[in-house]
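The structure appears below as structure tokens.
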Amino acid sequence: MTLDNMIIPVVMCSIILYGISQKVDIFTVFLEGAKDGFKTSIAVLPALVALMTCVGMFKASGALDYVTVLAEPFSRVIGLPPEVVPLAVLRPVSGSGAIAIYKDILESFGPDSFIGRIASVMEGSSETTFYTIAVYFGAAGIAKTRHTLPASVAADFAVVFMSVLMVRMLF
Amino acid sequence: MKWIFSGLVISAVFFGIISGRMGAVSNAALSSCGEAVGLMITLMGSMCLWSGLMKIADTARLTEKISRMFSPLIGVLFEGMHYKSAAAKAITLNMSANLLGLGNAATPLGIAAMREMEKRNPNPGVATNNMAMFVVINTASLQLIPTTTAILRQAAGSERPLDIMPAVWISSIVSLASGVVVAKLLSKAGKGS
């Protein structure tokens, strides 16, 4: 894991050195940019509160258990092991929740097992869809997201399907 | 947004009643709104850091160079966007940060991209096709090294934590492609740009 320890410092260093080489007054400019970043994070807060509250309530209600049961026939069709269904359901909704389930799967079945690998591919190739939508549209002040959600959900379905297919094909 | 929000709250109440977990739902409502503030404070640091660094890169015209490299891709995915525009620059940097696995940097850059696009939006408050496309691309994560996953696999005693990489790449690309295709199709079916 040495490579990914390098990325952040190297990227920072390159930007700063490039800035100096182009005679940019780097510190003043940095502060200007950071001030914008500060304003932006305040602008995101209302959307974040709205989203995290409704997602938190949704998770606590046990609704995901029902969704998992409903997803069972679908998962049987594509050959997804039932143990991975909760991860597939939770992944787009909650990043931290998905990681907790993922760790659990790795511990119970082993990271190099069939189930462990499917879970890994799923975890590695998808994002917390709802969070991304809320933060980006919230920050830009967009209320009507039009076709964003269906397209994102299509991408999430593709990940579930592909993770099973890829693990079957490649391992 | 209003459908996502109301859908989640209403189903939370509905399922909370069915499974007798209204107490938990009520606690979750109170605690998660506080957690959102905590998350924002955590985000704020990286937001300031990366916005500052981006401003340096921008002033030094580095972002314009990177943006030019990505311009063929930007042209295909986004309608009528020039690589020199502020939005294209932010989009390119967001994609680069995602590829490198710098999630902390990708978020502020992505937000900057959205705000630039909103500035030129003929119907403020309504997502344009380009905005939808951009968010879809971000929800279908694309990264060269799935760092977090690999670290968790290693911690769980995997012999080769990174052997899933080709599978992750192919799944991400297929998922991204599905998202992009659905977005393109629906954008035509919808009210137009």
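The values are calculated or read from the model by the stated rules, or taken from the named source; none is laboratory data. The model shown is predicted, which means the values in this text are computed figures rather than measured ones. Positions of Cβ are generated from backbone atoms using ideal geometry, with glycine treated the same way; all protein chains shown enter the neighbour counts. When the accessible area is computed, the model is the full protein with side chains, heavy atoms only, and any ligands, DNA or RNA have been set aside. Shrake-Rupley method; radii C 1.70, N 1.55, O 1.52, S 1.80 Å.
Semi-axis lengths, largest first, of the ellipsoid equivalent to chain B are 31, 25, 20 Å, with √(5λ) applied to each eigenvalue of the Cα gyration tensor.
Within the listed set A:T68, A:T28, A:T128, the residue fluctuating most in the Gaussian network model of chain A (springs between alpha-carbon atoms under 10 angstrom) is A:T28.
For the range B:150-193, the Kirkwood hydrodynamic radius from C-alpha pairs, put into Stokes-Einstein at 10 °C and a viscosity of 1.306 mPa s, yields a diffusion coefficient of 124 µm² per second.
With N the number of residues in the range B:40-120, Rg(Cα) / (2.2 N^0.38 Å) evaluates to 1.04. Spatially, the range A:99-157 and the range A:11-44 are offset by 31 Å when compared through their Cα centroids. Computed over protein heavy atoms with a 1.4 Å probe, the carbon and sulfur contribution to the accessible area of the range A:82-168 reaches 64%. What residue among B:E159, B:E64, B:E116 has the largest mean-square fluctuation in a Gaussian network model of chain B, using Cα springs under 10 Å? With Cα springs under 10 Å in chain B, the top fluctuation among B:E159, B:E64, B:E116 is at B:E159. Seen against the Cα atoms of chain A and their longest principal axis, helix A:26-60 is set at about 20 degrees.
Under the classification rounded if a/c is under 1.5, otherwise prolate if a/b is larger than b/c and oblate if not, where does the range B:102-193 fall, given a ≥ b ≥ c as square roots of the Cα gyration tensor eigenvalues? The partial results should precede the final answer.
Values: a/c = 4.80, a/b = 2.01, b/c = 2.39.
Oblate, because a/c is 1.5 or more while a/b does not exceed b/c.
Taking the protein heavy atoms of the range B:119-183 in the context of the full set of protein chains, the accessible area attributed to carbon and sulfur is 65 percent at 1.4 Å. The figure for A:F74 is an accessible area of roughly 90 square angstrom, using a 1.4 Å probe on the protein chains alone. Positive-end ranking of B:T147, B:S158, B:L176 along the dipole of the range B:115-183, with charges on Cβ about the Cα centre, is headed by B:L176.
Size of the range B:5-69: Rg and Dmax of its alpha carbons, in Å, are 20.9, 59. Dipole check for the protein assembly as shown: with +1 at the C-beta of Lys and Arg, -1 at the C-beta of Asp and Glu, and the Cα centre as origin, the magnitude is about 1060 Debye. Taking chain A as a Gaussian network of alpha-carbon nodes connected by springs under 10 Å, the highest mean-square fluctuation of the residues A:L87, A:L17, A:L70 belongs to A:L17. Report summary: the helix-based calculation at 222 nm, which adds -39500 (n - 2.57) for every DSSP H run with n ≥ 4 and divides by the residues of chain A, gives -27000 deg cm²/dmol. At a probe radius of 1.4 angstrom, the accessible area of chain B per residue rounds to 46 square angstrom. Multiplying each eigenvalue of the alpha-carbon gyration tensor of the protein assembly as shown by 5 and taking the square root yields semi-axes of 32, 25, 21 Å, largest first, rounded to whole angstroms.
Just list whichever of B:K2/B:K55; A:K39/B:K65; B:K55/B:K184; A:K59/B:K184 have alpha carbons separated by over 29 Å in the model shown.
Details: B:K2/B:K55 34 Å; A:K39/B:K65 27 Å; B:K55/B:K184 32 Å; A:K59/B:K184 32 Å.
Pairs exceeding 29 Å: B:K2/B:K55; B:K55/B:K184; A:K59/B:K184.
Basic side chains Lys and Arg get +1 at the Cβ, acidic Asp and Glu get -1 at the Cβ, and with that the dipole of chain A about its Cα centre reaches some 400 debye. Rolling a 1.4 Å probe across the protein heavy atoms gives chain A an accessible surface of 44 Å² per residue.
Total Å² of accessible surface buried at the B-A contact, 1.4 Å probe, nearest 100?
Working: alone 13030 and 11580 Å², together 16440 Å².
Protein heavy atoms only, the B-A interface buries about 8200 Å².
Normalised by the number of residues in chain A, the mean separation of alpha-carbon contacts (under 8 Å, six or more apart) gives a relative contact order of 22 percent.
From the C-alpha gyration tensor of the range A:1-55, pull out the three semi-axes of the equivalent ellipsoid (sqrt of 5λ each), sorted largest to smallest, in whole Å.
Working: eigenvalues 193, 80, 5 Å².
Its equivalent ellipsoid spans semi-axes of 31, 20, 5 Å.
Specify which residue in the list A:F157, A:M169, A:I118 is farthest towards the positive end of the charge dipole of the range A:83-171, using unit charges on the beta carbon of Lys, Arg (+1) and Asp, Glu (-1), about the Cα centre. Working it through, the farthest residue towards the positive pole turns out to be A:F157.
For A:E127, the solvent-accessible surface with a 1.4 Å probe is about 60 Å², rounded to the nearest 10.
Helix-only estimate, please: 222 nm mean residue ellipticity of chain B, summing -39500 (n - 2.57) across DSSP H runs of length 4 or more and dividing by its residues, to the nearest 500. Numbers along the way, then the final one.
Numbers: 8 runs with 148 residues, N = 193.
When only DSSP H runs of four or more count, the value is -26000 deg cm²/dmol.
Ordering B:R115, A:R91, B:R68 by accessible surface, largest first, gives B:R68, B:R115, A:R91; the 1.4 Å probe counts only protein heavy atoms, with every chain in place. Calculated translational diffusion coefficient of the range A:1-142 (4 °C, 1.567 mPa s; Stokes-Einstein with Kirkwood radius over alpha-carbon pairs) equals 70 µm²/s. Solvent-accessible surface of protein heavy atoms, probed at 1.4 angstrom with all chains present, puts A:Y136, A:Y131 in the order A:Y131, A:Y136, largest first. Just name one of B:L39, B:G103, B:M22: the one whose Cα is farthest towards the positive end of the charge dipole of the range B:1-135 (beta-carbon charges, Lys/Arg +1, Asp/Glu -1). Result: B:G103, furthest along the dipole toward the positive end.
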